[in-house]
Structures are given as C-alpha cells and as structure tokens.
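One structure is given here, and the rest of the page talks about it.
The values are calculated or read from the model by the stated rules, or taken from the named source; none is laboratory data. Predicted model, so just to flag it, every value in this text is computed and none were measured. No Cβ is skipped: glycine too gets one built from the backbone with ideal geometry, and neighbour counts run over all protein chains shown. For the accessible areas, the whole protein counts, side chains as well, though only heavy atoms, and no ligand, DNA or RNA atoms are used. Shrake-Rupley method; radii C 1.70, N 1.55, O 1.52, S 1.80 Å.
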Amino acid sequence: MNFSYLGPAGGVAYPLTFAPLLIGASWLLAGIVGAVMMFPVLMMYYFLSKLIPRSAGDYIYISRALGPKWGFLQALSNIFAFATGNPIVAQLELPLAVQPSLEILGVYFHDPALITIANDFSFSNETGLPFVAGTIVILTISFLVSIARTKYFARIITALTIVQILGTAAMIGGLLLVAGRYSQVFNSVSTQFGGPTYQSLSSMATVSPHINIVTTMVLASVLVAFLYAYNNAPTYFGGEVKSAKRSMFSGLVISYIIIAFISVILIALLQLVVGEGFYNYTSINGWDSPNGVGIPIATTSLLSYVALPFLKNLPILILMIASAFTWYVLYSIIQTSIPSRTLFAISFDWLAPTIFSKVSEKLRTPIIAISTIYILAVFFDIMEIYFGLTISAITSTIIYLMYQYFTASLAAVKMGKNSQFGAGKELVRYGILSALMIAITVAFLVGYGVVAYSTFGSAIFPTNLILNIGIIVGMPIVSIVAYEVIRRIRLKQGIDLEMTFKEVPPE
C-alpha cells in the first residue's frame, strides 16, 4: 500500500512538470534532499502506528493527544483535501498516462486513429465529454475497490503495485540501456516523422551552469509535496490488518527506503540520460519542428521519454503502459479509502452523524462513509471542470501537510513528553524534526510561489492566489466554528464530547 501511494514513477512525473520553471535546480540533489527531509516524518509515523495501531491514523493520534478541536481540524482537512484532490488525481491520469499510452500504441501499430483518440485526453480538452467521462470512470473504479472486503482490497492493491514495480524497473533498465546514446535514439525516431534533432531542441533550453540552492530547495519541496510526503497510508488501516505492529516496519520504513532509492535513480537518469535541457524545453514546447511536424507523442509525461527507445518492442511498451495506468488509479483508490476511515472515525466519536459508522455486514467496510467520499469527489470533479471552482493541487497538499502532518508532529511531541499511552522519548525527537521539515517545505512552496508568481507561482496556483491562500488560512477557522456547533448540539443530546476523547477507540 505504501509503495502504491508513494508511487515513484507517478510521483516523479508530476513534480518534474515544474522543473523548467526552477532554473538552476539540481534534480538529483533535490531528489536526495526531499527523501531525507521526510525520513523523520516516516519514523514518527512508524512509532505512532506501533503505539496506537488503529484505523484513521492521524485523526486518532491528534484527537487523543491534543483534543477534539485539533482532531476535528485534522478530520475536516483530511476529507476536504482528498475530496478536492482526488478529482485532480483522476484528471492527471488522462494526460500523463492515458494520452501518451494511446499515442505510443498508435505509433507502434501505425494507427492514426489511436493518436486522434488520445487527443481527447489532453489538458487542452479537459471540458470534453471523453475527458470528463474518463475521470468519473477512474473515481468509480476507486470506489468499487474501496468498498471491497479487506482481503480483496489488499489483493487488488498488491496486483496493481506489482505491475507498477515491474514497469518502473523497465523504465530504469531502459534508460540505463540507452545511456550515452539517447540523442541518437531520438534523432532516429524523429527523422522518421520529419522532426527536429535532439541537439536543436536542447540548444533552445535555458540551463544554468551553476546549482541554485533556492530553486533546488523549492524543487525538493515540490517532490516532498507530491511524492515523499505520502509515506503514511498504512497507518489509516492499522485496525484492519493482522499483526499491525510488526508489519508496520516493512510497510512504512522498508518500503520508503526502497521507493526513495528508486525515485532518486529515476530522477538522475532523466536528468543525465534524457538530458535536463532537452526535458525542460520539450516538456513545455513539445518535440515537433516549428511547422508542427515531429513524433506524434505528447511530452506531458516522463512515459513518453522512457518509451521512446522501445517503440519497436511491444512487450516492453505494454509493460511500461500498464505500469503508467496504475500510477494515479492507485493514488485515487487510496485517496478514496483514507478519508472514508476518517469520516467513519469522527462518526464513531459523535462528531458526525452516526450513519457514517455503519459497516456493511457483507463487505465488512464502512460503505456509507466510502460512498459519501465518492460522491464528494465526483461533485468537485464536475465543479472544477465545468464551473471553474478550481482548487489547485498544491493548496490541497499544503492543507494536508499543515493540518495533518504538522499537527501529528505536535501530537507526537506531547505524547513523548507525557509518556502518554506508553510513548517513548523518541517521539519527541522525531516529532520536532517532523514539524521542522513540514514547516520548511510549506515555507519554500508558498514563499517562492508568491515571490516568483509570474512563473512558478502561477503554475502551482493556477487559479486565484488569494482564494487558495484564503482556503488554507480559513480551514482552522471553519473547523473551530463547526466543532463548537456540533459540541453544543451533542451537549443538548446529553453527550459530552470532551469525555469521548479520553480513550483510544477499540480495534
């Protein structure tokens, strides 16, 4: 589950779309720094999950250590971040995986119809019926997998993750095979379509001869926000698996180390084999000639770059394409499941209607909670595409980092200092380091986004900057008001919410 949620290939593909806007950033150094920054967060979650192996993860840690107001802030931000972020994930699957996949197959089979169909899933056609239908299909698949019984849910996640691992290995192996001659491979393919040379495209790129520490740290923060931070998925299901305390070490720590290693290798190969300048220029401008002639494969995703040397090798292409199809589908599955556990938990604690804690007798899953998250995701999907209610991906991510990871860090420090639930002092150390790393990440993202709004800022906040900042700042205000309303309603019903949070809920 953690491998699928981190997803090295998909996790690298999206952050690198911002790399051309961060001149002087060292991709390799950013990849390493980002991985190191999130290691204390990982260790904090490992010790928290051992201490309290319960479903809903962060919500339980925060509400039991800091109290119901903080817990409700986490829950509200969790549900909001995933309800608004899941449609974005589904929307990214189409231009970053589906579109290049169809185009690659179109080139292999010499079928222009596939290339034409692929254009329906491009960023430029996101209001079209095929694009919208595609996002709803992805969200529906995620819903159906999420309501499955735990053992079937686990088997589906495992199968898709294995496909992703094999495909990612093929990408890394493929780049190693063409190291030192990628330009020749590109020129050979481009010539067949009357396109430009590798050298002519690379010469148009702006590449700094020196490493810029600021832009490197910003790129590291982007990698944290869209890759390395998502290292705690198993903690949300701690009460649903056997031997959770033992399995969390492999599920959290070992998986993260492997994924960080793979991610850094993939980033290094893209920078050194494909070429930073070539990737930067073509990912924005495409690899066609000025008159629009060239390889008919969109450069929206790293999939296009890693598949290029294997356009005559169908088995390798199928493996890479199958892997790419799992990138954001797996994200979507987990982004449907995690907030459903949070909604279930706050219902269990009387902070939401008790209907959300209903568990299906047949499926053994919180079906009402999952259905609600699915409906919210579809709603925001339609609102974002057709009505302009676009909340940027970075806004949802910053909300997630600040009101979940940061507050979980505070909870860990308090638990460690007070030896709450038998917590050790290691939680104090990792909690402080985690809070610091999250604060640095958010500071670089927001700070550089505001300072360089004309370039980087307008890309990460593609809609109204004031609106997005307002949502981030307004989240705790909304949660405090909502909590006070709920507390008074429950008090009239004879339920003192403050008493509910004195105990850890049962498994």
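What the table shows:
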| read-out | value |
| --- | --- |
| Heavy-atom SASA rank of 37, 499 (probe 1.4 Å, accessible area, largest first) | 499, 37 |
| For region 226-287 and region 308-358, distance of Cα centres in Å | 15 Å |
| In Å², nearest 10: area of residue 178 left accessible to a 1.4 Å probe | 10 Å² |
| Rounded FRET efficiency, nearest 0.05, which uses the C-beta distance separating residue 159 from residue 254 and R0 of 35 Å | 0.95 |
| 10 Å Cβ shell holding at most 13 others, DSSP loop, chymotrypsin sites (Phe, Trp or Tyr not before Pro): longest site-free stretch of the chain | 110-386 |
| Rh by Kirkwood over Cα pairs, then Stokes-Einstein D for region 196-326 at 1.002 mPa s and 20 °C, µm²/s | 120 µm²/s |
| Estimated 222 nm signal from helices in the chain, with DSSP H stretches of n ≥ 4 weighted -39500 (n - 2.57), rounded to 500 | -21000 deg cm²/dmol |
| Per-residue SASA entry for residue 191, accessible area with 1.4 Å probe, Å² rounded to 10 | 100 Å² |
| Largest-first ordering by accessible area, 1.4 Å probe, given options 381, 120 | 120, 381 |
| Region 77-116-region 24-75 distance, computed between alpha-carbon centres (Å) | 29 Å |
| Under the Karplus curve 6.51 cos²θ - 1.76 cosθ + 1.60, θ = phi - 60°, whole-Hz ³J(HN,Hα) for region 32-45, x wherever Gly or Pro sits | 5, 4, x, 5, 5, 4, 8, 5, x, 4, 4, 5, 4, 5 |
| Exposed-loop-free span, longest in the chain, where trypsin sites (Lys or Arg not before Pro) count as exposed if DSSP calls them loop and at most 11 other C-beta atoms lie within 10 Å | 1-241 |
| Largest-first principal axis extents of the Cα set of the chain (Å) | 76, 47, 44 |
| Cα point-scatterer Debye curve for region 402-507, base-10 log of I(q)/I(0) at q = 0.10, 0.15, 0.20 Å⁻¹ | -0.49, -0.89, -1.07 |
| Percentage relative contact order, region 270-338, counting C-alpha pairs under 8 Å, at least six apart | 17 percent |
| Shape of region 303-462, Cα gyration tensor, a/c cut at 1.5 | oblate |
| Percent accessible area from carbon and sulfur atoms, region 303-381, protein chains only, probe 1.4 Å | 72 percent |
